[in-house]
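Here is the structure we will look at, set down as structure tokens.
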Amino acid sequence: MTKDSSNAMWGGRFAAGPDAIMEAINASIGYDQRLAAQDIQGSRAHAAMLAQTGIITSNDAEAIREGLLTVLSEIEGGTFQFSTALEDIHMNVEARLKEVIGEPAGRLHTARSRNDQVATDFKLWVRDQMDAAMQGIEALIRALLSQAEAGADWVMPGFTHLQTAQPVTWGHHMMAYVEMLGRDLSRFRDARARMNECPLGSAALAGTSFPIDRHMTAEALGFDRPTANSLDAVADRDFALEFLSCASITAMHLSRFAEELVIWSSAQFRFVTLSDRFSTGSSIMPQKKNPDAAELIRAKIGRIFGANTALLMVMKGLPLAYSKDMQEDKEQVFDAADNLMLALAAMEGMVKDMNANQGPLEAAAASGFSTATDLADWLVRALNMPFRDAHHVTGALVALAESKGCDLPDLSLEDMQGVNAQINADVFGVLGVQNSVSSRMSYGGTAPDQVRAQVARWKETLG
């Protein structure tokens, strides 16, 4: 292929030919500039260590420290000019540092490589995102606790297969999501603890012959310890994968809740009313109030799942230690982190603002033969009937109620005794939905007292 045909294929974007193409594919500054604060944080710690160990002079270290603060100020102020020709955030910062302080800037990169530098920067960024995600999860948990406490004794239908199963309480349903998010919180905490080792000082892959103090830089950057193997340190992206894995499971929980909110806010259910702040109208149907925030959460979750898979695909075939493929580790993590935080914030807002509609909840709880299990349990307790027999009798009573177009509590005692003569009037004490939920006093059950106890436990846990 001739140079002209190559340029024609690429169009005006790559008029300079292969050199421009290589610059475009090689550069990461378009997205890794988000690591600027972490890059400068790592460089400041590295320079301080180099001075402490006598590798550079204290004067050079001070010039580097002041120069890096100037560069950071320019970046935060929006006046820094990023250059694609300088490839990445590390070279952009170092080049500007040289313009600011001159010759001492050239000493900053002593005893390190871009390999351990980027691993450190990225770890610091991901660690910050883990902290932010945990804060977002805690905020959502607190919103759910408020809903659970307010509706601890409000009955609603519990579902399996999206079919009415047994009555539960609104508070119990809210607390189910608290438990899910609590596991998410613990996964992020575990992952954060596991990733908290500092790669800085591993250099390109083999360590360095300079007498550096890796424990000093690890401590300065808030890590528990330095990494124990330099090859692994620069090749490792497990911390990013664990973040994406934790984010994916959290996102899945958010999507499940979003799905329920879409269903519950429909005219057919009317279980909840979402606030106008998290709903939109229709362009042609004035009666519509669409749960768009919930639907967008449900959709954005796919981007988080996709990021997890994409990074696994990048890493799965790489030999040790560093390969340029690993430059593709950041964009999907940045995107997943952004969408996770947006989804958490939107869900917290919806939960805080939404109103549970007690009337429709209770009406739905009383329909669909939701107390059939209570009837079967009563037959076992009161009549000493084997459960399989009780199940059969209850099924016959449900069929009878269906044929009469009524629910179980509406059957007469005579109707019930026609199915089983041993049934007595005490049976009506277990058929109401309030009686049903109040009886579920087993630990973790739906009884209002159990719900309040779990709310109190979580409030104490969160502090």
Treating only the Cβ of Lys, Arg, Asp and Glu as charged (+1, +1, -1, -1), what charge dipole size does segment 288-327 show about its Cα centre? Round to the nearest 20 debye. 180
What is the magnitude of the charge dipole of segment 173-216 about its Cα centre, with +1 placed on the Cβ of each Lys and Arg, -1 on the Cβ of each Asp and Glu, and no other charges, expressed in debye to the nearest 20? 40
Placing unit charges on C-beta atoms (Lys and Arg positive, Asp and Glu negative, everything else neutral), compute the dipole magnitude of segment 356-412 about its Cα centre in debye, rounded to 20. 140
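Subtracting the Cα-Cα distance from 0.36 nm times the residue separation, let me have the gained length for ALA37 to GLU103 in nm, one decimal.
Full extension from ALA37 to GLU103 adds 21.5 nm.
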For the chain, what does -39500 (n - 2.57) per DSSP helix run (n ≥ 4), summed and divided by total residues, give at 222 nm, in deg cm²/dmol to the nearest 500? -20500 deg cm²/dmol
SER209 versus LEU162: modelled label distance in nm, points set 7 Å from Cα along the beta carbon direction: 6.9
Labelled set (1) 32.1; (2) 21.0; (3) 33.8; mean projected area of the Cα convex hull in nm² computed from this model equals the value at (1)
Expressed in nanometres to one decimal, the distance between label points 7 Å along Cα→Cβ at ARG194 and ASP131 is 2.1
Protein accessible area in segment 20-107, 1.4 Å probe - carbon and sulfur %: 49
Checked segment 276-405 with the C-alpha gyration tensor, a ≥ b ≥ c its square-rooted eigenvalues, rounded below a/c of 1.5, otherwise prolate if a/b is larger than b/c and oblate if not; verdict oblate
Mean separation of Cα contacts under 8 Å, 6 or more apart, over the residue count of segment 20-107: relative contact order %: 42
Rank LEU413, MET354, THR373 by how far each Cα sits towards the positive end of the charge dipole of segment 345-427 (+1 on Lys, Arg Cβ; -1 on Asp, Glu Cβ) and give me just the farthest. THR373
If the limit is 21 Å between Cα atoms, which of LYS330/LYS352; LYS98/LYS330; LYS300/LYS324; LYS123/LYS316 go over it? LYS330/LYS352; LYS98/LYS330; LYS300/LYS324
Report for the chain the percent antiparallel among DSSP-assigned beta bridges with both residues inside it, nearest 5. 80
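What ranking do 375-384, 326-335 get when scored by the average of other Cβ atoms within 10 Å per residue, highest first?
Values: 375-384: 17.6, 326-335: 19.4.
Top of the packing list down: 326-335, 375-384.
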Report the FRET efficiency, 1/(1 + (r/R0)^6), for SER367 and THR79, where r is their Cβ-Cβ distance and R0 is 60 Å, rounded to 0.05. 0.40
FRET efficiency, 1/(1 + (r/R0)^6) with R0 35 Å, evaluated for ASN290 and ALA456 via beta carbons: 0.45
Name the long-range amide H neighbours of GLY158: under 5 Å, sequence gap of 5 or more, or other chain; modelled H, no Pro or chain starts. ALA165, GLN166, VAL168
Roll a 1.4 Å probe over the protein chains and send me the accessible area per residue for the chain in Å². 47
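Would you rank HIS215, HIS109, HIS173, HIS90 by solvent-accessible area, highest first, keeping every protein chain in place and using a 1.4 Å probe?
If we order HIS215, HIS109, HIS173, HIS90 from most to least accessible, we get HIS215, HIS109, HIS173, HIS90.
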Computed lengthening from GLU402 to VAL380, 0.36 nm per intervening residue step minus Cα-Cα distance: 5.6 nm
Once label points are set 7 Å from the Cα along Cα→Cβ at both ASN424 and THR273, what is their separation, rounded to one decimal in nm? 4.7
Estimated FRET transfer efficiency (ASP325, GLU66; beta-carbon r; R0 41 Å; 0.05): 0.65
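Determine the share of segment 114-363's accessible area contributed by carbon and sulfur atoms, expressed in whole percent, with a 1.4 angstrom probe. Walk me through the numbers before you get to the answer.
Numbers: 5470 of 10620 Å².
Solvent-exposed carbon and sulfur of segment 114-363 make up 52 percent of the total.
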Relative contact order [Cα under 8 Å, 6+ residues apart], the chain, whole percent: 17
Any chance you could run the full-extension gain for SER245 through SER442? It's 0.36 nm times the residue separation minus the Cα-Cα distance, nm to one decimal. 67.6 nm
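The values are calculated or read from the model by the stated rules, or taken from the named source; none is laboratory data. In this text the structure is predicted, and so the values were computed from the model without any measurement. All Cβ positions, even for glycine, are placed from backbone atoms using ideal geometry, and neighbour counts span all protein chains on display. Surface accessibility is based on the protein's heavy atoms, side chains included, excluding ligands, DNA and RNA. Shrake-Rupley method; radii C 1.70, N 1.55, O 1.52, S 1.80 Å.
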